[in-house]
């Protein structure tokens, strides 16, 4: 006996029982049977054809009009059959794509994993989370042999795969910079050239680049249209804006990036963020920059890493655990 | 949220009045309307943003694309009447120095 015959028998027995008793119980059996048919990928028109065969064998003397009407119904179901098969093939393609994205996301993670600097004078914390699987935010620390630390934070416009691909380009461009220790304005000028030549006209990248000199505890920095960070002055217990003026990367051929500097005293802090932090929307509206400052302020007693983790958790909670944009927060604090 | 775009043309001046949000979902709609206008030489495109209450970086990207295209094709792009909240985005990104922006609400340019 082949599958179709077994199915037909089973279907016929349930159907004839139902025609006899019309009980809930038999109806339930029918439901279970239909679930099995779905599992076996039986198409809608095959299901109808099963019903027709069962009816023909139960009622051999069925009026001709009924038989004709079944033929008509079968014709009607063919379109549904096509839709069903298309749905099946889309589902398997979607699974394939998801697997591919998973692999890409892992690759990206590996690409981005860099060592955090360990400099005696600095306490450093970093958190970066993608809204979807791939991250369009980027941060990067480099420590040179003189214990100077450079830090970059970048945000690629948009989210998801295009942003992540673009970000990988930035990573390579930075790695191939002629020297590791580069003046921030020169670094941004270099990267702008790479981005300007290689991205879609609607794309751009915002970036903040800084260099911390461990000898004189001076922080040099430049910005390319990036969301301003904060500077915490420990002595006055006061947060100020770390303002930079400069055009985003990828728009103009020859932008000028001004360089700024700040002297850090013990306990002073540099806070860098992506606009995913201030573009967070909670149920009550946008989360304002003041609120971020307040969150950092109330956790000042913690280490830099604990502060960024705590702020991330609080913001995540305010957005009901659903990030709308990639999120990156970095803190550098002078220890000694 | 969505975006409404109203277009008025007079000679070689094209006015697009936007209302709603310009974000990742609505940006393609704006791009479709705006880009072809910037591709004609000598035309002036004025985008009125008074009723745009939210814009994200994808929205900014549309204007960056339009700016590049208008420079390439010798057309003129102007943005007018944006709120100070939206203007802040143009300021932070430095785009206020390369795009012609007029008449910011709740503050001067």
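So how compact is the protein assembly as shown: Cα radius of gyration and Dmax in angstrom?
30.4, 102
Let me have the relative contact order for the range A:1-68, percent, based on Cα pairs under 8 Å that are six or more residues apart.
Reported relative contact order: 44 percent.
Explain nothing, just the number: relative contact order of the range A:123-246, from Cα pairs under 8 Å at least 6 residues apart, as a whole percent.
Relative contact order of the range A:123-246: 22 percent.
With a bin width of 5 angstrom, please list the P(r) values of the range A:104-334 as percents of all Cα-Cα pairs, from the 0 bin to the one holding the largest distance.
All Cα pairs, binned at 5 Å, distribute as 1, 7, 15, 19, 21, 18, 12, 6, 1, 0 percent.
Between residue A:300 and residue B:19, what is the label-point separation in nm under the 7 Å Cα-to-beta-carbon projection?
4.7 nm
I want to verify a result. In a Gaussian network model of chain A, Cα cutoff 10 Å, which of these has the top mean-square fluctuation: A:128, A:303, A:49?
A:49
For a quick check: sort A:138, A:221 by the number of other beta carbons within 10 angstrom, fewest at the front.
A:221, A:138
Where does chain B land on the Kirkwood hydrodynamic radius, alpha-carbon pairs, in angstrom?
That comes to 13.6 Å for chain B.
Any idea how far the Cα center of the range A:129-198 sits from the one of the range A:216-280, in Å?
Their Cα centres are 16 Å away from one another.
Can you sort A:99, A:26, B:38, B:44 so the residue with the fewest Cβ neighbours within 10 Å comes first?
The order, fewest Cβ neighbours first, is A:99, B:44, A:26, B:38.
On full extension of the chain, what length is gained from residue A:316 through residue A:21, given 0.36 nm per residue of separation minus the C-alpha to C-alpha distance?
100.6 nm
Please give, to one decimal in nm, the separation of the simple spin-label points placed at residue A:169 and residue A:96, each 7 Å out from Cα toward the Cβ.
Between residue A:169 and residue A:96, the label points sit 2.8 nm apart.
If I fit a long axis through the Cα atoms of helix A:184-198 and take the longest principal axis of the Cα atoms of chain A, what angle between them do I get, 0 to 90°, rounded to 10?
Orientation of helix A:184-198: about 30 degrees from the principal axis.
In whole Å, how far is the Cα centre of the range A:21-42 from that of the range B:48-63?
Measuring centre to centre over Cα atoms gives 53 Å.
Could you check which residue among A:42, A:292, A:103 shows the biggest mean-square fluctuation in a GNM of chain A with a 10 Å Cα cutoff?
A:42
Using a basic spin-label model with each label point 7 Å from the Cα along Cα→Cβ, how many nm lie between residue B:71 and residue A:87?
So the label points at residue B:71 and residue A:87 sit 5.1 nm apart.
Calculated FRET efficiency, residue A:335 and residue B:105, Cβ-Cβ r, R0 56 Å, to nearest 0.05? Intermediate results must be reported in sequence, preceding the final value.
Details: r = 46 Å, r/R0 = 0.82.
For R0 = 56 Å, the calculated efficiency reads 0.75.
Can you tell me, using C-alpha contacts under 8 Å and at least 6 residues apart, the relative contact order of chain A as a whole percent?
Numbers: 544 pairs, mean separation 57.1, N = 336.
Relative contact order, chain A: 17 percent.
Out of every Cα-Cα pair in the range A:3-92, what percent are more than 22 Å apart?
34 percent
Using the alpha-carbon centroid of each, what span in Å lies between the range B:2-33 and the range A:54-88?
Computed from Cα coordinates, the inter-centre distance equals 50 Å.
Here, each number is a calculation from the coordinates, and none is a lab measurement. Owing to the predicted nature of the structure, the values given are computational and were not obtained by experimental measurement. Reconstructed Cβ throughout: ideal geometry from the backbone, glycine too, with neighbour counts over all protein chains shown.
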